[in-house]
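Have a look at the structure below, then the notes.
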Amino acid sequence: MHSKEFSNIGLLKEIAELLNEETEMIPMLQGALRKFLAGTQFETGWIFFIDIKGKHQLLAYENLPTALEDGSCHQLQKGGCWCVSKYRSGELKKATNIIECQRIESAIDSKVGDYGGITHHATVALQSGQERFGLLNVASPYTVGFTDDELALLESVAFQMGSAIKRILLTKQEQEMALVQERNRLARDLHDSVNQLLFSVTLTARGGSEMAEHPQVKATFREIQHLTQEALTEMRALIWQLRPKGLESGLIEGLKGYAEMLGLSLNANVSGVINLPSRTEETLFRIAQEGLNNVRKHAGVQEAELFITVTPSDVLLVLKDEGGGFQMDSNVRLPSIGIQSMQDRARAARGSVDWVSEMGKGTEILIRLPY
């Protein structure tokens, strides 16, 4: 075996160890790419993650010339190219030399910086078994094509990266399943203990009110019954948030069911076909839940309207009521923990939440999420 082959085996082992140590996807890919470039003749590289809809996202890059790195790698992220097109069509079967790259050509033509002699690149799919996750692209100055040995090494590294991505995704799925199981356990415990106790207190207070003869005692029992009923409603809402019933029938039915449980009437209007990823659907459900809670607690009305518009890239959900509204002041912190929670959930999904409200003229909550 030649010394170069020994060197490649050692490099692959080092990259494999690095991939096993990292738990977050982007740092893992960045570190592996840096190690790979440092140990080979390849000079620069970048990694695209491509989702099931074929939309690509630049996750990692290393040693890019200024023409490609300009404007947060604008030239690499915009438009289409041969490698992404062949990946989407399933024609990219192995590591391949790219004769022409539209992104590189566009960066050179834009004259926004030095292209560093980078005119061509090689590409390979990141995959584990039959599952594919994106592309690994590498290039060197004034290099039009790479040798079969270099492409074989590129394939080996891409396979390792794909396997690491698969491991991270599986770990996240296991964590999400564990979280769902824990939510279900908490919901069951709350329903079987606190919820039942509150229901018993409500019945006891009702009985005390009916049996009491003194007006003040009777009024006290009625107040206890009222407060306990409020607490029971809050508890049922909490249980519903932990384990939403009706969501398995779709987002609209789930929200209508939740609104009904709160004593609200929800009118829904939908534009486009709702076929969202489960994570996007749950995020919308959780944010809209908090919005419905605010309607019940603060709006002073028993009716709300829901508008959902689905486009090829994102979904817009609008929750509107004709209640009392509130005064928005950019110099004051958000008016409730609930609103802050809605904003945090949207940001975690790379989306946004906005409010339009005015005293006496109701409130509109606008939620936009990509998917």
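A few points about this structure:
- Remark: pairs (first residue in segment 147-168, touching a residue at least 12 places away in the same chain (Cβ under 8 Å); second residue part of a helix (DSSP H, G or I) and among the aromatic types (Phe, Trp, Tyr); Cβ separation under 6 Å; 6+ apart in sequence or on different chains) = 157/36.
Here is a yes/no grid of residues against (1) under 20 Å from residue 261 (Cα atoms); (2) part of a helix (DSSP H, G or I); (3) of a type in the set (Phe, Trp, Tyr); (4) under 29 Å from the mean Cα position of the chain (by Cα):
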residue: 161; (1), (2), (3), (4): no, yes, no, yes
residue: 175; (1), (2), (3), (4): no, yes, no, yes
residue: 178; (1), (2), (3), (4): no, yes, no, yes
residue: 216; (1), (2), (3), (4): no, yes, no, no
residue: 226; (1), (2), (3), (4): yes, yes, no, no
residue: 234; (1), (2), (3), (4): yes, yes, no, yes
residue: 239; (1), (2), (3), (4): yes, yes, no, yes
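- Here residue 297 clears all of (1) at pLDDT below 90; (2) open to solvent by less than 60 Å² (accessible area, probe 1.4 Å) except the condition numbered (2).
- Among the residues of segment 94-140, the one identified as open to solvent by 50 Å² or more (accessible area, probe 1.4 Å), at pLDDT 90 or above and touching an Asp or Glu at 6+ places or on another chain (Cβ under 8 Å) is 94.
- Meets criteria (under 22 Å from the mean Cα position of the chain (by Cα) and either among the aliphatic types (A, V, I, L, M) or open to solvent by 20 Å² or more (accessible area, probe 1.4 Å) (or both)) for residue 313: yes
- Residue tally, condition in contact with a helix residue (DSSP H, G or I) (Cβ under 8 Å, 6 or more places away or on another chain), open to solvent by 60 Å² or more (accessible area, probe 1.4 Å), modelled with pLDDT under 90 and over 21 Å from residue 345 (Cα atoms), over segment 223-248: 2
- The single condition among (1) at pLDDT 85 or above; (2) polar (S, T, N, Q); (3) within 23 Å of residue 350 (Cα to Cα) that residue 200 does not satisfy is (3).
- Per-region count, segment 114-138, residues part of a loop (DSSP other than H, G, I, E, B) and either at negative phi or within 31 Å of the chain's Cα centre (by Cα) (or both): 7
- Restricting segment 336-351 to residues that are exposed (fewer than 13 other Cβ atoms within 10 Å of the Cβ) and at pLDDT 85 or above, the residue that is farthest from residue 311 (Cα to Cα) is 344.
- Residue within segment 182-203 that is touching a residue at least 60 places away in the same chain (Cβ under 8 Å) and touching a helix residue (DSSP H, G or I) at 6+ places or on another chain (Cβ under 7 Å) present: yes
- Scanning segment 75-93 for residues that are part of a loop (DSSP other than H, G, I, E, B) and either under 11 Å from residue 135 (Cα atoms) or polar (S, T, N, Q) (or both) yields one hit, 92.
- Enumeration of residues in segment 124-153 that are within 15 Å of residue 41 (Cα to Cα) and in contact with a strand residue (DSSP E or B) (Cβ under 8 Å, 6 or more places away or on another chain): 137, 138, 139, 140, 144, 145, 146, 150, 151
- Test: residue in segment 268-277 that is open to solvent by less than 60 Å² (accessible area, probe 1.4 Å), at pLDDT 90 or above and either under 14 Å from residue 251 (Cα atoms) or not in a helix (DSSP H, G or I) (or both): yes
The values are calculated or read from the model by the stated rules, or taken from the named source; none is laboratory data. Remember, predicted model here, so these are calculated numbers, not experimental data. Using ideal geometry, Cβ is built from the backbone for each residue, glycine included, and neighbour counts are taken over all protein chains shown. Please note that ligands, DNA and RNA were not included when accessible areas were found on the heavy atoms of the full protein model with its side chains. Shrake-Rupley method; radii C 1.70, N 1.55, O 1.52, S 1.80 Å.
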